[in-house]
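Enquirer: Sharing a structure, written as structure tokens. Questions coming.
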Amino acid sequence: MLNVLLLGPQGAGKGTQGKLIAVEYRIPHIATGDMLRAAMAAETELGRRVKPLYDSGQLVPDDLMIGLIRERLAEDDAREGFVLDGFPRTAVQAEALDEMLDEIGRPLTVVFEFQLPEEVCIERLRLRAVEEGRVDDTEDAIRTRLGLYHEQTEPLIEHYRARGNLVGIPADRSVEEVFAEIQQALEQAAVR
């Protein structure tokens, strides 16, 4: 069983690497951003509630995110493991995730911290906005999200470091180089 958590600022490559891990190890890539965008596109109740927050770069309330993840981890395809990307973003969410995983007896195998200078994040996000036509990647929203990351998500790095399963990944390299380092770390975690 392989339970992976990806932490790092927006633009650090978590989504790209999450998808590669999912394919390589045959576990679902659970990206909260994708889940929220799908809910907004389908105009579900959740989608309507989160859209104004999401578009301005604000965090979605903890209770909504916790409920979303609890439901997703209960699905059949997540039984053998998962790659969690974009959750937790706050200390409350991290506590809830710890409790949830304890309840179902599935501790995190490894937590990857993607390390990337802020200016590189901003540049990558600007490029993504153009390439993918992402309306949520405006300059203001990008800066708001990065500010929230530093304020609320960065402290989680210490939370996981204290548990002994945090691995830092310098993310300012090619996709292939980053993935090779991730695979090495997963093999050391005796995944296979």
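Nothing in this text is a laboratory measurement; each read-out follows from the coordinates by a stated rule. Please read these numbers as outputs of a predicted model, since none were measured by experiment. Methodologically, a virtual Cβ is constructed for each residue, glycine included, from the backbone with ideal geometry; neighbour enumeration extends over all protein chains shown.
Enquirer: So how far, in whole Å, is the C-alpha centre of segment 1-48 from the one of segment 156-174?
Expert: With segment 1-48 and segment 156-174 each reduced to a Cα centre, they are spaced 18 Å.
Enquirer: Also, I was wondering about something else. What's the local net charge at Asp34, with K and R +1, D and E -1, over the other residues with C-beta under 13 Å away? It would help to have the intermediate numbers written out before the result.
Expert: On the way: positive: Lys14, Lys19, Arg37, Arg72, Arg134; negative: Asp85, Glu132, Asp136.
Once all neighbours under 13 Å are counted, the net charge is +2.
Enquirer: Could you give the length gained on full extension between Ser174 and Val23, defined as 0.36 nm per residue of separation minus the Cα-Cα distance, in nm? Intermediate results must be reported in sequence, preceding the final value.
Expert: Numbers: separation 151, 0.36 × 151 = 54.36 nm, distance 1.83 nm.
So the extension gain works out to 52.5 nm.
Enquirer: Further, regarding this structure: What net charge do the residues around His159 carry, taking every other residue with its C-beta under 12 Å from that of His159, with Lys and Arg at +1 and Asp and Glu at -1? Provide the component values of the computation, followed by the final result.
Expert: On the way: positive: Arg161, Arg163; negative: Glu95, Asp98, Glu113, Glu154, Glu158.
That works out to -3.
Enquirer: So for the chain, what are the equivalent ellipsoid semi-axes in whole Å, largest first, each being the square root of 5 times an eigenvalue of the Cα gyration tensor? Show your work: numbers first, answer last.
Expert: Values: eigenvalues 115, 85, 50 Å².
The answer is 24, 21, 16 Å, longest axis first.
Enquirer: Additional query: Can you tally the net charge around Arg48? Count Lys and Arg as +1, Asp and Glu as -1, for every other residue whose Cβ sits under 14 Å from the Cβ of Arg48. Walk me through the numbers on the way to the answer.
Expert: Numbers: positive: Arg37, Arg49, Lys51; negative: Glu43, Glu45, Asp55.
So the environment of Arg48 carries a net charge of 0.
Enquirer: With a bin width of 10 angstrom, please list the P(r) values of segment 1-54 as percents of all Cα-Cα pairs, from the 0 bin to the one holding the largest distance.
Expert: 23, 40, 32, 5
Enquirer: Mean residue ellipticity at 222 nm from the helices of the chain, using -39,500 (n - 2.57) per DSSP H segment of n ≥ 4 over the full residue count, to the nearest 500 deg cm²/dmol? Before the final figure, lay out each step's value.
Expert: Working: 9 runs with 106 residues, N = 192.
That calculation yields -17000 deg cm²/dmol at 222 nm.
Enquirer: Put a dot 7 Å past each Cα toward the Cβ at Thr144 and Thr16; how far apart are the dots in nm?
Expert: A separation of 2.6 nm, rounded to one decimal place.
Enquirer: Please compute the length gained on full extension between Met1 and Arg134, using 0.36 nm multiplied by the number of residues separating them and subtracting their Cα-Cα distance.
Expert: On the way: separation 133, 0.36 × 133 = 47.88 nm, distance 3.41 nm.
The Met1-Arg134 span can extend by a further 44.5 nm.
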